[in-house]
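The values are calculated or read from the model by the stated rules, or taken from the named source; none is laboratory data. Since the model is a prediction, treat every value here as computed from it, not as a measurement. Each accessible area value is taken on the protein alone, full model and side chains, heavy atoms only, with ligands, DNA and RNA left out. Shrake-Rupley method; radii C 1.70, N 1.55, O 1.52, S 1.80 Å.
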Amino acid sequence: MEVVNARQGALTCFEVLNLLNEIKSSGSKQRNQKSYSTLLYASKKYLKSRPASVQTKEGIENLMRALKPFKLTPAEILQIIDLRPTTSAILSLIIEESEARLTSEQEQQILELVVKHLPEPEPIGVEVDIAEHRKYLNA
């Protein structure tokens, strides 16, 4: 793997999951295939249990446009997309100095935008599917 542009910016979990899917589908062979396959498997398994698993590019873009009036930092927007907050308490942990920057009505508007643009993920257990893991090791 090669870093093409180190200053490009941070990726959302949705983008990472898509990248991992592309890497696996390309069938690239690595020197340490078992470790590489295990890393791919564990990363994808984790990301599939997160909100990224049901997000769409259009939903993320629409949310980003809708959040512009709130003057959030890129890092705060990234965390909102990745964490999909559903309560003011969680949102206040994401947005630095939220009490000074946002009213409670604005916080509620942000939460409504999140619900509108980012679908709720299905609850998934974190059980390990041995057969699926072996498929990655033998690929």
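What to note about this one:
- From phi via Karplus (6.51, -1.76, 1.60), per-residue ³J(HN,Hα) for segment 69-83 in Hz, x at Gly/Pro: x, 7, 6, 8, 6, x, 5, 5, 5, 4, 5, 4, 5, 6, 9
- Of the solvent-accessible surface of segment 57-117, computed with a 1.4 Å probe over protein heavy atoms with every protein chain present, carbon and sulfur atoms account for 55 percent.
- Computed Rg/Rh of segment 53-95, alpha carbon atoms with Kirkwood Rh: 0.95
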